[in-house]
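First up is the structure itself, then whatever we jot down about it.
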Amino acid sequence: MSGSVQEIRLIPGEVDLATLRSIYQSKVTLTLADEARAAIDRAHETVDAIVASGNVVYGINTGFGKLAQTQIPSARLAELQRNLVLSHSVGLGDLLPDNVARLVVATKIISLARGHSGVRIELIEALLALFNSGVMPCIPEKGSVGASGDLAPLAHLSLMLLGEGQVRVNGELIPATEGLARVGLQPIVLGPKEGLALLNGTQVSTALALRGLFEAENLFAAGLMAGALSLEAIKGSVKPFDARIHEARGQVGQINVAAAVSSLLSGSEILSSHTHCGRVQDPYSIRCVPQVMGACLDNLTHAARVLQIEANAASDNPLVFSDSGDVISGGNFHAEPVAFAADILALAIAEIGAISERRLALLLDTGLSGLPPFLVHDGGVNSGFMIAQVTAAALASENKSLAHPGSVDSLPTSANQEDHVSMATYAARRLGSMCFNTAAVVGIEAMAAAQGIDFHRPLQSSPTLEQEMSRIREKVAFLDHDRLLAPDIESMRLWASDSVWPHSLTALLPSQRKTVN
């Protein structure tokens, strides 16, 4: 991001998807709304009162999980909370990238600031200071089953507050004590319930699922653009996009997709050049774009609604209700809603790639497309896009396996105290690989479609599609003879991963809307 860094004011419970996308996409600074502070203080006072009374309350002066029946004396509560963080820091694998780590920290701040966690305001202010100085926790990506919260990865987040382990600043790993010193902090001694409040919660699963949502939105827009280009390349029919067809069915996503694609095609010379060609029907991958991509859009929208709620949720345990003085143990740490949302996103991501791969195959089939075989002159000597389609097929097929729902799996933990878990963290994490695959598939299709359109010159497509053709040609040249295509495919994968698209497409995306219904 160029210029000054954007400052975002967090109102816990009211943070929208556009704000979360901004946190994901670029470095920002965060401030906490003043009105949140009173609720945080009241909840902390409630915890202090329980400790002073000597009453036994889970999570405040007891052990955890299967050890919940063990009462802990007041003199050892700080030791209890520190040991909790250290003993739960058992993650492994690659570290979450900074953009995901930003979402994890931001959503943890939001959750703690709801005023149901009982932590001191100073703990939240420390997280804000570290975030705003670019000091990111080192969170291994593996080791959570998504209940009781993202325990291991959130323990690794908490280590930086204790001055344990390492943190990352501008990609450099440094000791956590040095990271704290950069913002004028000493290692924090955790108070009653604070370690548990940090570790319980769905923030890692939610952050990974939000990454999947935001990347899927980019792919959705790219898939519609590639589909419109492919329609032009095969001189397909626009009749299946007639609004009356879609209104007769009534599916909202389908109606909106048909209108968006019609807008992309408006003013095309290629389209008007074959009005009376006698072509009756196109294959489903062209004709049913509104039906398939509309269903994908509806899935994205549903997942977005769930994830926006979860990003604002108080999801640790137990929860403090300071108006009554009650501290109630429940199960908001169970990430089943996130797991379901991630599985729904996986279906959409897989299908965006699956229908794109079929359009690519159509473009290469001269009997169906009317274009030169494999989109290249002097076939035989040149293979053209033949093997690029094989790569697309491999990636689309891989996504079929990755789309298997994570939420249907469960293994009991903690001596069967935690006997059903969500597997939301894996369900959300695998979306990253799926988005990579689909971006490559859609990018290859768009490159092939641009090749097909260039065979129709001097005819022009619509103004909007011609602008996109220029953008594609800035990345990859026309394929007049065989050349090394791997760099072109990578360039087009990045094209499909972009977030800059015509308004007719971005207006469909859940994170671009004021409300998500």
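The values are calculated or read from the model by the stated rules, or taken from the named source; none is laboratory data. What you see is a predicted model; the values in this text were computed from it and never measured. Cβ coordinates were reconstructed from backbone atoms using ideal geometry, including for glycine residues, and neighbour counts include every protein chain displayed. Calculation scope for accessible area: heavy atoms of the full protein, side chains included, ligands and nucleic acids excluded. Shrake-Rupley method; radii C 1.70, N 1.55, O 1.52, S 1.80 Å.
Residues in region 260-286 that are part of a helix (DSSP H, G or I), open to solvent by 10 Å² or more (accessible area, probe 1.4 Å) and either aromatic (Phe, Trp, Tyr) or touching a residue at least 40 places away in the same chain (Cβ under 8 Å) (or both): Ser263, Glu269, Leu271, Ser273, Tyr284, Ser285.
Does region 177-185 contain at least one residue that is surrounded by fewer than 18 Cβ atoms within 10 Å (Cβ to Cβ), farther than 26 Å from Pro502 by Cα and of a type in the set (D, E, K, R)? There is at least one residue in region 177-185 that is surrounded by fewer than 18 Cβ atoms within 10 Å (Cβ to Cβ), farther than 26 Å from Pro502 by Cα and of a type in the set (D, E, K, R). Among residues of region 125-149 that are within 18 Å of Ala197 (Cα to Cα), those with a beta-carbon under 8 Å from a residue that is among the aromatic types (Phe, Trp, Tyr) and in a loop (DSSP other than H, G, I, E, B) at least six positions away or on a different chain give the pairs Ala147/Phe333; Ser148/Phe333; Gly149/Phe333.
Taken over region 94-113, the criterion of being in contact with a Ser or Thr (Cβ under 9 Å, 6 or more places away or on another chain) and surrounded by fewer than 22 Cβ atoms within 10 Å (Cβ to Cβ) is satisfied by Asn99 alone.
Taking first residues from region 401-429 that are closer than 24 Å to Leu103 by Cα and partners that are open to solvent by 80 Å² or more (accessible area, probe 1.4 Å) and part of a loop (DSSP other than H, G, I, E, B), the Cβ contacts under 7 Å between residues at least 6 apart in sequence or on separate chains come to Val421/Leu411. Selection of region 232-250 for residues being open to solvent by 10 Å² or more (accessible area, probe 1.4 Å), part of a loop (DSSP other than H, G, I, E, B) and touching a residue at least 12 places away in the same chain (Cβ under 8 Å) yields Lys235, Ser237, Val238, Asp242.
Within region 354-383, the set of residues being buried (at least 18 other Cβ atoms within 10 Å of the Cβ) and part of a loop (DSSP other than H, G, I, E, B) comprises Leu371, Val376.
Screening Pro137, Pro73, Pro97 for residues that are in the same structural domain as His156 (by the TED database), at pLDDT below 95 and not charged (D, E, K, R) leaves exactly one candidate, Pro73. Within region 323-353, the set of residues being among the aliphatic types (A, V, I, L, M) and in contact (Cβ under 8 Å) with a residue 60 or more places away in the chain comprises Val327, Ala335, Val338, Ala339, Ala341, Ala342, Leu345, Ala346, Ala348, Ile349, Ala350, Ile352.
So that you can scan it fast, the table gives a plain yes or no per residue for (1) over 22 Å from Ala233 (Cβ atoms); (2) open to solvent by 30 Å² or more (accessible area, probe 1.4 Å):
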{"site": "Asp409", "(1), (2)": "yes, yes"}
{"site": "Val421", "(1), (2)": "yes, no"}
{"site": "Ala440", "(1), (2)": "no, no"}
{"site": "Asp454", "(1), (2)": "no, yes"}
{"site": "Arg483", "(1), (2)": "no, yes"}
{"site": "Asp498", "(1), (2)": "no, yes"}
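Considering Gln451, Gln467, Gln460, the condition of being assigned to a loop (DSSP other than H, G, I, E, B) and not small (Gly, Ala, Ser) is satisfied by Gln460 alone.
Picking from residues in region 40-93 that are within 17 Å of Leu159 (Cβ to Cβ) and touching a strand residue (DSSP E or B) at 6+ places or on another chain (Cβ under 6 Å), the one that is most open to solvent (accessible area, probe 1.4 Å) is Leu92.
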